[in-house]
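Everything on this sheet refers to the single structure shown next.
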Amino acid sequence: MAEQLVYIDGEFLPKNEAKVSVFDHGFLYGDGVFEGIRAYHGKVFRLGPHIERLYESAKAIGLVIPVSPQEMGDIVIESCRRNGIANGYIRLVVSRGVGDLGLNPYLCPKASIICIAATIQLYPVELYEKGLDIVTVATPRNHPEALNPRIKSLNYLNNIMAKMEAIRAGVQEAVMLNLQGFVAECTGDNIFIWRRGKLITPPSTEGALEGITRNAVIDLARAKGLVVAEERMSRFDIYTADEMFLTGTGAELIPVVKVDGRAIGEGGVGPVFKGLLEDFKALTKVDGAPIPGLS
Ligand code: PMP
């Protein structure tokens, strides 16, 4: 198999030569933004919304991206094409770039763009059949006025602290609450519940990233006539839900069958989840920006 090629600032370099400076503020301070994107069946899923979110995240932290959104989309597609990735995971990173050892981002003359097209397996296959057992953790989601969770920044320490709590508790994922005690999201996924005939997910203003997968699921649910609401959610709503599942680019849709030791609904994988998963799989076959030679 040909060696993996990684895009860095205008060049495609072999994996072993793809290196960034130790003075890059993405490394020194987590100063930058990123996207995780999926390719399915030779097409880049929801490329437009990912690029839009990347530029919004960058704008929110005052980071100037040195290429246009159109060029950025082309970088993603070309990375897949060169690596023969028809089904895979693309990591697109924009860091503040090289500066000195101080915090000052204005001393970093040019943002750096990195694109890695590879593959991913987030959770073991059997968990998609059996469902996850997860817990609420003590680490609250970042306060939106401190570091807004709507910014997909390179600084994931908040989520990593929460993930560590979950793993130490013997489970794979964590429900993170906001500082008011309402449900925000999991460490790398959005949360949905099916309760009293309604599909509910917290609004992004509660401390959640506006997930691309989340928005696709909302569209799919509405298209099949389900009632969908972006509503404030408490743990009571979760404990008394009929079904629960998580969404994310890496995880796709994964069911949750237990939270904080309480079975969700009957404790099995429910019909609403199964239906939406089928619809999502069908969508990935038709949606997306084609990769030349692979779609
Ligand atoms: N929340 C967080 C904190 C995330 O990092 C992610 C992405 N992994 C998501 C939600 C899901 O968003 P998306 O569907 O766009 O991947």
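Go through Ile264, Ile291, Ile254 for me and flag whichever is among the hydrophobic types (A, V, I, L, M, F, W, C), within 20 Å of Ile37 (Cα to Cα), out of contact with any Gly (no Cβ under 7 Å at 6 or more places or on another chain) and at pLDDT 95 or above.
Matching residue, one of Ile264, Ile291, Ile254: Ile254.
Given the conditions (1) surrounded by 15 or more Cβ atoms within 10 Å (Cβ to Cβ); (2) touching a helix residue (DSSP H, G or I) at 6+ places or on another chain (Cβ under 9 Å), and given that Gly207 satisfies all but one, which numbered condition is not satisfied?
So Gly207 meets the others, but not (2).
When residues of the stretch 260-290 are filtered for being over 28 Å from Ser79 (Cβ atoms), acidic (Asp, Glu) and not in a helix (DSSP H, G or I), how many remain?
Here the count works out to 2.
Listed residues Ala166, Ala162; which is more than 10 Å from the ligand (Cβ to nearest atom) and either outside any loop (DSSP other than H, G, I, E, B) or more than 17 Å from Ala241 (Cα to Cα) (or both)?
Testing whether each residue is more than 10 Å from the ligand (Cβ to nearest atom) and either outside any loop (DSSP other than H, G, I, E, B) or more than 17 Å from Ala241 (Cα to Cα) (or both) leaves just Ala166.
Which residues, counting only those in the stretch 263-279, are over 14 Å from Tyr128 (Cα atoms) and within 16 Å of the ligand (Cβ to nearest atom)?
Matches in the stretch 263-279: Asp279 only.
Go through the residues of the stretch 30-53 one by one and say whether even a single one is more than 16 Å from the ligand (Cβ to nearest atom) and assigned to a helix (DSSP H, G or I).
no
Please identify the pairs in which a residue from the stretch 274-288 that is closer than 15 Å to Tyr40 by Cα has its Cβ atom under 7 Å from the Cβ atom of a residue that is of a type in the set (Lys, Arg) and surrounded by fewer than 18 Cβ atoms within 10 Å (Cβ to Cβ), counting only partners at least 6 apart or on another chain.
Filtered contacts from the stretch 274-288: Asp279/Lys224.
Scan the stretch 107-129 for residues that are in contact (Cβ under 8 Å) with a residue 12 or more places away in the chain and more than 28 Å from Ala86 (Cα to Cα) and jot them down.
Cys108, Pro109, Lys110, Ala111
Residues to consider are Asp260, Asp242, Asp237, Asp219; find the one that is among the acidic types (Asp, Glu), farther than 20 Å from Ile134 by Cβ and either surrounded by fewer than 17 Cβ atoms within 10 Å (Cβ to Cβ) or more than 14 Å from the ligand (Cβ to nearest atom) (or both).
Asp219
Only one of (1) part of a helix (DSSP H, G or I); (2) out of contact with any Phe, Trp or Tyr (no Cβ under 8 Å at 6 or more places or on another chain) fails for Gly293. Which number is that?
So the condition that Gly293 fails would be (1).
Just wondering, is there one or more residues in the stretch 138-157 that are touching a residue at least 60 places away in the same chain (Cβ under 8 Å) and in a strand (DSSP E or B)?
yes
For the stretch 201-224, what are the residues that are free of Cβ contacts under 8 Å to residues at least 40 places away in the same chain and assigned to a helix (DSSP H, G or I)?
Glu206, Arg214, Ile218, Asp219, Arg222
What number of residues in the stretch 1-36 are among the hydrophobic types (A, V, I, L, M, F, W, C) and exposed (fewer than 14 other Cβ atoms within 10 Å of the Cβ)?
Qualifying residue count for the region: 4.
The values are calculated or read from the model by the stated rules, or taken from the named source; none is laboratory data. Please read these numbers as outputs of a predicted model, since none were measured by experiment. Cβ atoms come from the backbone with ideal geometry, glycine included; neighbour counts cover every protein chain shown.
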